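Contents: one structure, followed by commentary.
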Amino acid sequence: MTWNVFIICFYLEVGDLSRDSDLVLTFNLSMHRSWWMENGPGCRVTPITPPPSWAPEDHRYISISGCLMDFQFIEVAHSSLQILLA
């Protein structure tokens, strides 16, 4: 339950938390991207080719459009549902 409360606070940017900072979830070791960002309802994912020359080989660069709902709100709803079920 604690993790879900943290996720809710993180995506709603409560206090000093900011979802634009990589430090919180990954300690700047990797690129964080929500699963819901690419797989939300109505989202269309288009790969950007060729990737930028500075891009690490293990990262995909994509464009996302047409989402019916911002992924942040889906993350909050998902975590809230898990708390209710617990």
For region 40-48, does any single residue satisfy the condition of being modelled with pLDDT of 90 or more and at positive phi?
yes
Which one is least open to solvent (accessible area, probe 1.4 Å) among residues in region 58-70 that are modelled with pLDDT of 90 or more and within 14 Å of the chain's Cα centre (by Cα)?
67
Filtering region 9-20 for residues that are under 18 Å from residue 80 (Cα atoms) and either modelled with pLDDT of 90 or more or open to solvent by 70 Å² or more (accessible area, probe 1.4 Å) (or both) leaves a count of 4
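The values are calculated or read from the model by the stated rules, or taken from the named source; none is laboratory data. Keep in mind that what you see is a predicted model, and the values were worked out from it rather than measured. Accessible surface is based on the protein model in full, side chains and every heavy atom, while ligands, DNA and RNA are left aside. Shrake-Rupley method; radii C 1.70, N 1.55, O 1.52, S 1.80 Å.
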